[in-house]
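For reference, the structure discussed in these notes is given below.
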Amino acid sequence: MALPRILLVTSELFPEFGVPTAGGGVRAQQLYHSIQEKGYSVELALWRPAAEYKSLPDWATRYLYSQPYLDGTIEQADPDIVLSESWECLSHLKHDDNRIYIVDCPGPLVLENLVGREPNLRGYIHHKIRTLARMDAVLCPSSRMKSYLTGYLTLAGWQPNDSKRLIEVPISLPEETPVRSPRKPDNPLQFFMGGVNWSWHRTSEWLTKLGDWFGSEEGRGTLSVRMGHHPLLPPESEAPFENLKRHPSIRFSELTDFDTLTQELLGMDVAIDWSPVHFERNLATPFRIINYLWCGLPVIVRPHLEVSGLIHEYGAGWVVESWEELEDLLTSLHANPSLVEKPSMQAQRLAREKFSWPSAHSGLMEFFENPSLRDKKPSYLMHAAQTFRDYQLELEQRNVGYKAMEEELGQIRQRLSEFEADANAYRNLKQRFHYRLWKKIFG
């Protein structure tokens, strides 16, 4: 039997294109090459605005799509399976067909928009449920995200026996980790934090505070920060960057391409990700942390991140809760830099064993071996829409009755007005008759 032909839809650029990108682009590239290595024919459908004015290989620009015409691009490519890097991409579909649709949900986008103050959150949730209702399989990176998505899938009409179609596919990088050079024992430790700056990460405040700690005493090492806006989105604010750029103890750089970033990380000793505590961060598996581990950087994280359990289990970094604990740990590492050597090796071991492809993509490959359409049931939105339609019909019927009553009431008012006019005329006539009679008698 011929292998299914696959179209990968993404709005993000691949790291191999040599341009700054976000985690979605890395995720899409992982999926593309993992599928390709298994012998499947896979084509790329790239969002046209992302590709414009960039030098990209021909295979990457064969199917450029615009959101209003995504259906046409899919029809042109004519795949058996459509796999999307995000549900947002497929929310622009207008027509049904008999293809198999798979969507990747690497992060809780609704919660991102909630903490990011999306002005039309209810509409956003509506589009997510509507899109998931059409899907035949859904990918997610972790057990927490799996639980999170179950509620949305239930609203989208998924049934309990559809659970096998919710496939866990961890964030991953190639199995072969990059080679680190031995650390020179006399060099001060170099700490790193980087990635796309999102408003809900709230990085500026704690990075400034961390920079103050590094600057409060000589010889405490260096703090490098490589951060910027999402390459395809308008900047939210320049203020946080300006504060960090001016800080005397922070070496600030803008986002760069993946290969340059990898080489930079191989020269660092420790990464820090002091994520704020809220629902979105509790569910997220930040790609930046997986990248740190892959490059051999032990990571300092807080316990609410799901990956913190594995970091603690493997000894691939440190899990600390309070800022005081963080300062104590930094002081200890500063006094004894050799403490980072074993965690560095364990970081790459963790990346190889838990966050590497193709092994991390086994669940998806099993689905490709026997792909099938899901037996779709009406979603909550369809039920709600039918309920609203019933209410609308009832209101329309009542409205017809109200209009008939208004017409009848108008006729009654008209008749009352006529009766009143007749009564007034009669009163006038009666008064004139009495006056003439009085004049005749007494005149």
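Values in this text are rule-based calculations from the coordinates and carry no lab data. Here the structure is a predicted model, which means the values were calculated and not measured. Here the Cβ is made from the backbone with ideal geometry for all residues, glycine too, and neighbour counts use every protein chain on show.
Within the straight-line cut-off of under 14 Å between alpha carbons, the aspartates and glutamates reachable from K184 are D269, E341, sequence neighbours fewer than 8 places apart in one chain being disregarded. Look at where the Cα atoms of segment 157-181 and of segment 29-57 average out, and the two centres are 19 Å apart.
Length gained on full extension, R251 to Q76: 58.2 nm, using 0.36 nm per residue less the C-alpha separation. Once the C-beta distance of S143 and S55 is scaled by a Förster radius of 35 Å, the resulting FRET efficiency is 0.30 to the nearest 0.05.
Counting 0.36 nm for each residue step from I412 to T387 and taking away their Cα separation leaves a gain of 5.3 nm.
Taking all Cα pairs closer than 8 Å and separated by 6 or more residues, the relative contact order of the chain comes to 16 percent.
Expressed as a fraction of 2.2 N^0.38 Å, the value expected for a compact globular protein of N residues, the C-alpha radius of gyration of the chain is 1.48. Cross-link partners of K354 among aspartates and glutamates, defined as those whose alpha carbon lies under 20 angstrom from its own and excluding same-chain residues fewer than eight positions apart: E37, D104, E168, E175, E176, D273, E306, E313, E366. Mean residue ellipticity, 222 nm, helices only, the chain: the sum of -39500 (n - 2.57) across DSSP H runs of n ≥ 4, divided by residue count and rounded to 500, is -15000 deg cm²/dmol.
Enclosing the Cα atoms of segment 323-418 in their convex hull gives a volume equal to 234 cubic angstrom per residue. Its Kirkwood hydrodynamic radius, worked out from the mean inverse distance over all distinct Cα pairs, puts segment 190-354 at 16.1 Å. How big is the gap, in Å, between the Cα center of segment 135-156 and the Cα center of segment 80-109? A separation of 13 Å, based on Cα centres. Pairs from the table (K38/K377; K38/K128; K128/K376; K94/K377; K128/K377) lying more than 21 angstrom apart at Cα are K38/K377; K38/K128.
The residue among S332, P248, L293 whose Cα reaches farthest toward the positive pole of the charge dipole of segment 190-354, with charges on the beta-carbon of Lys, Arg, Asp and Glu, is L293. Note on segment 1-104: Cα convex hull, mean projected area over all directions, 6.5 nm². Comparing mean-square fluctuations of L409, L132, L381 from a GNM of the chain with C-alpha springs under 10 Å, the top value falls on L409. Based on the Cβ-Cβ distance from E112 to T154, what FRET efficiency comes out when R0 is 25 Å, to the nearest 0.05? The computed FRET efficiency comes out at 0.75. Placing +1 on each Lys and Arg Cβ and -1 on each Asp and Glu Cβ, with no other charges, gives the chain a dipole about its Cα centre of roughly 2460 debye.
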